[in-house]
1. What residue among B:I273, B:V67, B:V167 has its Cα farthest toward the positive end of the dipole of the protein assembly as shown, where the charges are +1 on Lys, Arg and -1 on Asp, Glu, each on the Cβ?
2. Can you give the Rg to Rh ratio of the range B:78-232, both from alpha-carbon atoms, with Rh computed by the Kirkwood formula?
3. Over the range B:157-214, what per residue volume does the convex hull of the Cα atoms give, in whole Å³?
4. Got a sec? How would B:M296, B:M169, A:M110, B:M119 order by Cβ neighbour count within 10 Å, fewest to most?
5. Along the charge dipole of the range A:99-179, Cβ charges K/R +1 and D/E -1, which of A:I136, A:L99, A:V121 sits furthest on the positive end?
6. The range B:97-125 to the range A:83-153: how many Å between their Cα centroids?
7. So what is the orientation-averaged projected area of the protein assembly as shown, using the convex hull of its C-alpha atoms, in nm²?
8. Can you run phi through the Karplus equation (6.51, -1.76, 1.60; θ = phi - 60°) for the range A:90-98 and list ³J(HN,Hα) in whole Hz, with x for Gly and Pro?
Amino acid sequence: MSEPDALPGLHIDRVSLRFGGVAALTDVSFNIQAGELLALIGPNGAGKTSVLNCISGLYRPQEGSIRLVSEGVEHDLTDLAPHNIAQLGVARTFQNIELFKHMTVLDNLMLGRHVHMRGGVLSSGIFLGRQRREEIAHRREVENVIDFLNLESIRRATVGNLPYGKQKLVELGRALALDPAVLLLDEPMAGMNSEEKESMARFILDVHEQSDTTPVVIDHDMDVIMDISDRVVVLDFGRVLAEGTPEEIKMNKLVIDAYLGEETIRVGSGV
Amino acid sequence: MTMECGVFHTTYTSDIALRRVPAERLRLGLFVIVVIAFPFLASPYWLNLANQIAIATVGAIGLNILVGYTGQISLGQGAFMAVGAYTAGLLTLNFGLPWGPSIVFACLVTSAIGTFFGMPSLRLKGLYLAIATLAAQEIIEWVITHWTGVTGGTEALVVPAPQLFGVRMNTDFRFYWLVVILASATALFTANLFRSRIGRAFLAVRDQDVAASVIGVNVFRYKLLAFATSSFFVGLAGALIAYYRNIVSWERFTLETSLFYLAMIIVGGLGSIRGSFFGAALITLLPALITNAGRMLQDSAPAIASQLPNIQQASFGLIIILFLVFEPKGLSKLWQNVKDYFYVWPFAYRRGEGRH
Ligand SMILES: Nc1ncnc2c1ncn2[C@@H]1O[C@H](COP(=O)(O)OP(=O)(O)OP(=O)(O)O)[C@@H](O)[C@H]1O
Ligand SMILES: [Mg+2]
């Protein structure tokens, strides 16, 4: 923790990550500025998820540093444990949905409030006074998220029984409940139909516009990505291939070449 | 669809209440009446069984906090109960400490020792953790039987019955009130725990520990906290056994005890307080019922009667296997099914996935 000499946001500086002989990330540097909507794209296996895992502390890069500047304080995330990074206001969703399957939607979202709550074992077990008030206050916060994402009708449903699209929403809700400074979304629209995609994109835009949360979105749907993001970082074979506005990226020769032959990815109409 | 029909909660306070609908409160009321009336109507034989069930319920809830709710397996239950029983017994015997403070002490000591033996959970899961807790069972048993100067070794301790307001709790009738109050307090505490922050974090660790860590739950800390909380109540059960039996002997707290308690929570229902009670009742009553059957058959069918001890062992195994196969969620799920059936009786309508 020190006086920041950098702008508010996340600073990823020369990060390299290897698994045995496999170089997942090589010398990756880019910034996420607070207040922008950044997209992280790249072909399969490019290292997008690995970047998120490094940020949230699930992977520890062999080289480089990751720093978070928020509320005028700079934190070095590189050696922190995942739960400490979450406490600093970094929330995320997973490519393959990692929810608490046997719990209700409500409890999943309440867990998003965990870092903001104080109750200990004894006060929880006795559940009087301050503890009860704390539960109710945070329940209110969670109800705001439920309202926002239209989850009212499934509040008490067990998450494991919900359809895929709803689970994606609940996972977004759990991350939002944390009221994060940075929200990392790993393919939030993957596997959804176009209607669901559209409403997910709408939610991400609303979060971006209506709160102080800075979203970072990974997705393979170029149309949506180019449509919603302010800036795009392109990864290829574990390196940063290009960085710029959606318009710049669409024109970038390297990017077009990297995606050539990838049938699943269509670069939008601008090309 | 998933809400109780026709019941609307207008405040979050009523929405987070433990008993949310009138039917639930009615059932609880009936249960309380039965519990209060029981000792006045029951014979000493049944009172004795009731006391055993109440103590086993405390131990089963304790184990369930760790295994059912937090997903950490433990084979050390018997040894942890021994720690509670010996601590309480020795404090009363050697220092004349009254049962109240010495029970509290016993709970805290068991909690500390349980936490210590929970430390392998940092690195170990599932079967590997099971083996580590098996080691805890063996180590504690060894210490008790060999630390003769303090524990009396293989000799049993004789502990005086507790005294409350000058009255000796030396009859089943008197002891009943003590254990029922403590068992109810344990159940209430646990129910509260799992509708608030700490309990949710336990469940999160069980369901998905990676997701738990990225939303800010310190997974290792909460695993240890689960060992601590669980062992506290397991120690309480042990201490109660000491005061109820007036005799503390290591033979009551072997690996077999650990397995019986695991059977209780599996048959009753993992991650369920009600299930802990059901399981404790079934596993306590089963041997008694079989023994009773044996007495009745003594004259009419002595051949069958002589086989009953074997049947007892086999029926235990059989019941557990049947539950695993047909109702892995245990007696508490069966109870839920019955409630769902009567919920809108006589209309043929089944609630969807509801609350458990
Ligand atoms: N835990 C791991 N162990 C070994 N190799 C890994 C691990 N995680 C990632 N990798 C490797 O790192 C590289 C980058 O993977 P990553 O999952 O980050 O790609 P991605 O860009 O998210 O791909 P996708 O679009 O398919 O999700 C791949 O070669 C992958 O095999
Ligand atoms: Mg990925």
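The numbers here are math on the coordinates, done by the rules we state, and not lab data. A quick note: this is a predicted structure, and the numbers were derived from the prediction, not measured. FYI the Cβ positions are ideal-geometry reconstructions off the backbone, even for glycines, and counts take in every protein chain you see.
1. Comparing the listed Cα positions along the dipole, B:V167 ranks first.
2. In the range B:78-232, Rg relative to Rh is 1.04.
3. Enclosed volume per residue, from the Cα hull, is 142 Å³.
4. Starting with the residue having the fewest Cβ neighbours, the order is B:M296, B:M119, B:M169, A:M110.
5. Result: A:V121, furthest along the dipole toward the positive end.
6. So the two Cα centres are separated by 29 Å.
7. Average projection, Cα convex hull of the protein assembly as shown: 35.2 nm².
8. Result, rounded to whole Hz: 10, 10, 7, 10, 10, 4, 10, 5, 10.
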